[in-house]
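Notes to accompany the following structure.
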């Protein structure tokens, strides 16, 4: 009897140890990735790297200024395209949560969220690049905004659903029209959740490369024209990583460091927003 | 155009419904701005549906030349030759299947360990906060950086292993891609696993504990059976991710359009062949690549719908049991 109990206790301990070991072991890649990025990345980053254009191989120096600007332009473009639509659809889903259309829309959001980024890249190519016969910043923005959309819709819907019903009732009881209740009472109360969703979606698209391969394409030079190809940090990393030159590999690490900093920055701000502006009921 | 008409039809109906509910709540005035508001909401929602249908329609329309030329033989044709204009997608189907299933297999023990760790052993505390935020950071790192890291750390290691085993030392190939994919999908399935494990009702666990069960027995006989379908759905969703993942795989798979014969062989997945070839493709080659994209889209859609449906059902059952 006692042996039996001991055996069970031992089994319990062994299992616990295995779980802890496996969980810790899976952190190993993260530590290695962060270590590689910081070690190789910081060595390259200086003012020149941030402020200069790429130079052809063989010439020393140069930087990724155009990629930084390009990424910023792409982020702004896709935000403009997706945020209004995302929030409006989110409001619809939270207001009509049991309707037939809402179910269909929700299914579509799930499918959109799971659509591989490369497929979205092809679609943006067919919609924007092929008719205009040129890779362009606009097409990149379209592709990225399609990727942002489901995240924003979901965040808006989830946030607004958490709003207590008496908030809406109080506003309606005061004679505030329905649409003003939504826009001036419910939406501002849930702004922290929506902002968090937007920031998370930005974090998602900032690092996306696959949809940009045939849309924004990449550009060695500075470009402000939205109808011309534009560079971006993830594309530059890909381009440099696949090249055979060690100098460019170093640049890829530098750009990676910046990209990770931006993405993690978005994540951190999102968390800060969620924590700071949390409305208590 | 017909699509737009039907959209408006639904719109009017819906607004009528809304006026009824508005009547019931607080007011029975229905001014124009109210109507407009409802219309805008509906339009945005319908736009999402139209967007998805348009994506599907575009893919189908653009791949019609390839569908006409190859039909279903596309799926078992083994040659992919742009010069001869002969396209069969079997090598990529095989590449995608092997890498994603292998990655899922590697990912399962780790993600279940993390879910149990966070959902049962260490629900709170510094240790769990550290692990949870690490998982989040891991999930946030862009795919292209995984690829870069794989090129400079994983590839030399794999090359050394291949030399040791006496196979051709490519360094890149199916196994390397599967490894990087596994690392990328662990956070995803782990977070879903954690969620379903925390959904297990406390009284079930307490009942088992009060009968003298050890922690391990509770986990094996109560928690895992209860959370099983949710965990499986999480794994299914991460499989969907692995199937569609592009950049890291493109950088590590070796870009070879032949049927792989071994686990170390360079190959191509559906996503990576598009990434590698689409920018230079024209005519029937482009159509064939879009055909591949269409298949990829349909496969991930099915996987996602099934996975999401199962998870929703699990959450629904759990909420019923609590009340």
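Readers should treat all values here as calculations from the given coordinates under stated rules, not as data from a laboratory. Bear in mind that the values here come from a model prediction, so they are computed numbers and not experimental data. In this analysis, Cβ positions are derived from the backbone assuming ideal geometry, glycine residues included, and neighbour counts consider all displayed protein chains.
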Förster radius 60 Å - calculated FRET efficiency between residue B:90 and residue B:36, Cβ distance, rounded to 0.05: 0.65
CD proxy at 222 nm, helix term only [per DSSP H run n ≥ 4: -39500 (n - 2.57); per residue of chain B; nearest 500]: -25000 deg cm²/dmol
Rel. contact order, % - alpha carbon contacts under 8 angstrom, at least six apart, chain B: 24
Note on chain B: C-alpha Rg/Rh, Kirkwood Rh, two decimals, gives 1.08
Counting only other chains, and only Cβ atoms inside 10 Å, what mean value do you get across the residues of B:46-59? 6
Taking springs between alpha-carbon atoms closer than 10 angstrom, which of B:258, B:130, B:278 fluctuates most in the Gaussian network model of chain B? B:130
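Counting other C-beta atoms within 10 Å, which of A:133, A:179, A:103, A:166 has the fewest, and how do the rest follow?
The most exposed by this proxy come first: A:133, A:166, A:103, A:179.
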Between residue B:313 and residue B:126, what is the label-to-label distance in nm when each label sits 7 Å out along the Cα-to-Cβ direction? 4.4
How much length is gained on full extension from residue A:4 to residue A:250, taking 0.36 nm per residue of separation minus their Cα-Cα distance? 82.6 nm
Using a basic spin-label model with each label point 7 Å from the Cα along Cα→Cβ, how many nm lie between residue A:14 and residue A:28? 2.2
Footprinting exposure proxy for B:76, A:253 (fewest neighbouring C-beta atoms within 10 Å first): B:76, A:253
Between A:242, A:163, A:27, which gets the highest mean-square fluctuation from a Gaussian network model of chain A, Cα cutoff 10 Å? A:27
Shielding by partners, peptide A:160-172 (average Cβ within 10 angstrom, other chains): 1
For chain A: relative contact order, % (alpha-carbon pairs under 8 angstrom, 6 or more apart): 25
For chain B, set up a Gaussian network in which alpha carbons nearer than 10 Å are linked by springs, and say which option among B:202, B:38, B:307 fluctuates the most. B:38
Find how much the distance from residue B:263 to residue B:206 grows on full extension, using 0.36 nm per residue of separation minus their present alpha carbon separation; answer in nm with one decimal. 15.9 nm
Exposure proxy check: A:162, A:81 ranked by fewest other beta carbons within 10 Å? A:162, A:81
Estimated 222 nm signal from helices in chain A, with DSSP H stretches of n ≥ 4 weighted -39500 (n - 2.57), rounded to 500: -23000 deg cm²/dmol
